[in-house]
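Read the structure below first, then the notes.
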Amino acid sequence: MEVETIVAPATPKGRSAIAGIRVSGPQALGIARKFFSPLAAGSAAQNIPPFSPILGKIVDNGEVVDEVILIYYRAPRSYTREDMIELFCHGNWIIVERIVDCFIREGARLAEPGEFTMRALLNGRIDLTQAQAVMSIINATSNIALRVGMKQLQGELSRRVEDIREELMHVLAYLEADINFPEDVALETDGFREGLAEGLDRVVVSIDKMISGARAYALIEEGVNCLLLGYSNVGKSMLFNRLLGRDRSIVYDTKGTTRDSISEKVRFGAADVVLWDTAGILKDVEGVDAVAVERTQEALSSAQIVVLVLEAGRELNEVELEIFSRLEDRSVIVFLNKADLHRDVEVPASVRSKGWDCVVGSALKGEGVEELKRLIGSYAERFVVALDDFFILRKSQVVLLEELKSLLLSARKLLLQGEPTEMAAEEIREAISRIDRLLGRDMDEDLLNLVFSEFCIGK
């Protein structure tokens, strides 16, 4: 089937100093020659050297559209491994559209979202995990996310997955040898089955690390969950608004104003944090108040950081002491609110005994809020950095890893139970097929569509 030539803007719509246009496919250079005229004396459009920027004009029906820089990438030394043209013009969208229209008029078509990267995948320049890294680099909102994306683009995850595949191929080779040449293979003696099972154990450990790394990356991409927790009417919603720098939660003197959990994403330091305002904890409540408290408990279960809001100058009540018992092994910051109502505020002994960081302040007057922001940001950064490895994987790819792990555990069990080697070999073959789908070699159309649907047109 003939490969189509595609074209698309490579920079966002709007006004800027420079805009980029990409063209890829067998007709890329031929079409460019019809409109591009080099400015250098003695140069001709028919003699465009590869891999060198050339200053020239785009001329359409005798009219100069713009002066541009053109770079020709000759296959296979290009992003897509096809012939490619990149044009850089002035950043006016009228100019961009006219140049794109020139290429479309001469036989190119407008690229689909992510099609350039899709071609890089299909032509073997990158695998699916690297393709996902491209999008993550574009959308990165922190230095950590950028570093993770770059490591994966350079093949960090690919190498780990390839190592697993190679290990499984060795195991499968032994099993196939036993099936085809049983008289020559000592699989039933000399601890061969146990040795193969140990190899599968090592692979399972590697898979577990990848699954954990994929879940950990969600904290970078989605933000670390930070929950404001405390007794009803202690000032959580006012503190929530102060931390955001705007009025988001309703603040009122009556208890139980906040009935639902409210969240907002905010940047503290170098970390993205999802800040949660929740209903105050009350005891022996019914109806909608009971539902509100239940939702607070649910939010607490998924929080990485808890800001426990207490009222300065009073003893802790029964409900607050009960909350303490639920915060064992949690990252907790205490905010002693309403300190402006008291001359001297002491940190309660029960708080000091926990060793939690404590900020004395006033949400009403904004006192202590900047210190609290700094602490939340510091906790969030430490929480992310403490995680070992990060991997950019879709939920469907994590499912593939979980299926891969399950197949290997099944093969291990079959080996150790002395079952026929054909059964274990079939599980290993299925496991290898999961790896090929993970890397995009065995094309899963639904997975590819999901990955590339989030790309911009020029990528």
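Throughout, read-outs are computed from the coordinates displayed, never taken from laboratory work. Predicted, not measured: the structure shown is a model, and the values here were computed from it. Quick reminder, even Gly has a Cβ in these numbers, built from the backbone with ideal geometry, and neighbours come from all protein chains shown.
Relative to its Kirkwood radius, the Cα radius of gyration of the stretch 6-125 gives an Rg/Rh of 0.94. Of all lysines in the structure, those lying under 30 Å Cα to Cα from Lys57, and not within fewer than 8 positions of it along the same chain, are Lys13, Lys34, Lys459.
Between Arg77 and Arg374, residue separation times 0.36 nm minus the direct Cα-Cα distance comes to 102.2 nm.
Across the stretch 6-125, the mean sequence separation of Cα contacts (distance under 8 Å, 6 or more residues apart), normalised by length, yields a relative contact order of 31 percent. The calculated FRET efficiency for Asp442 paired with Gln46, based on their beta-carbon distance and R0 = 35 Å, is about 0.25. For the pairs Lys209/Lys395; Lys151/Lys373; Lys265/Lys354; Lys151/Lys209; Lys209/Lys405, note any where the Cα-Cα span goes beyond 22 Å. In this structure, Lys151/Lys373; Lys265/Lys354 lie more than 22 Å apart at Cα. Segment Lys365..Glu221, full-extension length gain: 48.6 nm, with 0.36 nm per residue of separation and the alpha-carbon distance subtracted.
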